[in-house]
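Have a look at the structure below before the remarks.
The values are calculated or read from the model by the stated rules, or taken from the named source; none is laboratory data. These numbers come from a predicted model, not from an experiment. Cβ sites come from the backbone with ideal geometry, for glycine too, and all protein chains shown count toward neighbours.
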Amino acid sequence: MNDGPITDGPVNDDQIIEIIDWINENGLEMITPEPPAEEIPVADRLWGIWAAIGAWLSSVGLLVGMQVIAIIAYVVIRTRQTGAFPEVFQIDWLMAVLTIAATFPAHLLTVLVCWLIVTNRGKRPFLKTIGWSWHPQFRMVHAAALALLMMGVALACEKLLPHRDTDMEKLLRMGASIRYLVAALAVLTAPFVEELVYRGLLYSAIERTRGRVAGIVVVSSLFALVHVPQYWGSVAAITAIMTLSLVLTLLRSYTGQLLPCIATHLVYNGVQAVALLFGSPSAAENVPAKTATILLGKLFSFYFGYFGWA
């Protein structure tokens with residue numbers, strides 16, 4: 001092989017031609033580096049709107065499905081006790097206990113569905129992807145302060161706006177065991193599951209594809225609407241629910257993280273759960289309209305309207 005052309009200084013057109021001829025004479029090929037693969041933006045690699053809607057529908061379907069199983073169990077138990085199929089369905093203590101308890105497995109399965117979507121079946125870290133971190137200007141102390149503020153708003157709504165006895169308040173009067181189950185549900189699963197579905201998957205997907213304003217409006221409205229049937233007729237309760245929903249969604253938009261929303265929701269529910277557990281039975285009847293058991297608005301709204309109260 002001949003020594004290649006040697007150049008000293010800037011290369012002109014004739015020298016470039018000479019270099020190319022030399023490469024061809026020696027049987028070499030010019031190697032053109034391939035352009036780097038275009039990196040797909042992180043947002044485009046995450047779940048889309050339809051996946052988020054699927055998660056929401058799954059959460060609703062699992063709640064309804066587990067309630068159906070609970071009601072079947074209720075029918076079986078009552079049939080064995082009385083020896084006859086119940087002619088009238090009443091929301092009694094046993095049905096309330098079974099349906100509330102059925103919410104726990106529904107929540108666990110909902111988290112599994114969300115995990116599959118968020119991680120793309122284990123290919124992404126779950127907590128980091130959903131926003132499990134604090135904002136520099138919003139930490140636990142701020143979550144506690146905001147939760148107490150929202151409780152004040154709920155109390156103000158009850159004082160200033162029309163309010164009537166709701167199905168939730170009737171439920172709480174069924175006994176201490178009901179209040180214990182409700183308090184456990186409100187603290188152990190409701191804040192995490194609700195925030196994961198609404199301000200985790202739904203908000204993130206809508207914000208990425210339709211913008212921040214659309215995400216705030218749609219998620220705040222949807223979260224409030226699914227609770228309205230439970231508190232229908234109480235302007236105070238519905239106003240408090242809508243206010244809390246908007247504040248939590250704005251918090252998600254401002255911080256860009258889900259953890260502040262979960263923490264605020266947890267403190268809000270936790271304080272009222274303590275009131276349910278350690279307060280007097282009469283105090284349990286007078287908890288704020290947006291009680292620590294807000295999730296049960298979704299739970300019972302599916303069948304209260306169908307079976308009715310006896």
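Among the residues of the stretch 252-264, how many are within 13 Å of R212 (Cβ to Cβ) and either among the aliphatic types (A, V, I, L, M) or surrounded by fewer than 20 Cβ atoms within 10 Å (Cβ to Cβ) (or both)?
Of the residues in the stretch 252-264, 4 are within 13 Å of R212 (Cβ to Cβ) and either among the aliphatic types (A, V, I, L, M) or surrounded by fewer than 20 Cβ atoms within 10 Å (Cβ to Cβ) (or both).
Which numbered condition in (1) surrounded by fewer than 20 Cβ atoms within 10 Å (Cβ to Cβ); (2) more than 20 Å from the chain's Cα centre (by Cα) is the only one that L172 fails?
Evaluating L172 over (1) surrounded by fewer than 20 Cβ atoms within 10 Å (Cβ to Cβ); (2) more than 20 Å from the chain's Cα centre (by Cα) leaves (1) as the failure.
Suppose we filter Y203, Y198, Y254, Y180 for residues that are part of a helix (DSSP H, G or I) and in contact with a Gly (Cβ under 8 Å, 6 or more places away or on another chain); which single one remains?
Within the list Y203, Y198, Y254, Y180, the selection yields Y203.
Looking at the stretch 205-220, can you tell me whether even one residue there is out of contact with any Phe, Trp or Tyr (no Cβ under 8 Å at 6 or more places or on another chain), buried (at least 19 other Cβ atoms within 10 Å of the Cβ) and of a type in the set (D, E)?
Yes: one or more hits.
Can you pull out the residues in the stretch 109-153 that are in contact (Cβ under 8 Å) with a residue 60 or more places away in the chain, in a helix (DSSP H, G or I) and touching a Leu at 6+ places or on another chain (Cβ under 9 Å)?
If the condition is that a residue be in contact (Cβ under 8 Å) with a residue 60 or more places away in the chain, in a helix (DSSP H, G or I) and touching a Leu at 6+ places or on another chain (Cβ under 9 Å), then T110, V111, C114, I117, V118, T129, I130, A143, L146, A147, M150, V153 are the ones that fit.
Here's the yes/no breakdown for (1) at pLDDT below 95; (2) of a type in the set (A, V, I, L, M):
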site	(1), (2)
E38	yes, no
W50	no, no
A55	no, yes
I71	yes, yes
V88	yes, yes
I91	yes, yes
L94	yes, yes
H107	no, no
T129	no, no
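For the subset of the stretch 160-194 comprising residues that are under 20 Å from Y268 (Cα atoms) and touching an Asp or Glu at 6+ places or on another chain (Cβ under 7 Å), which member is modelled with the lowest pLDDT?
Selected residue: E169.
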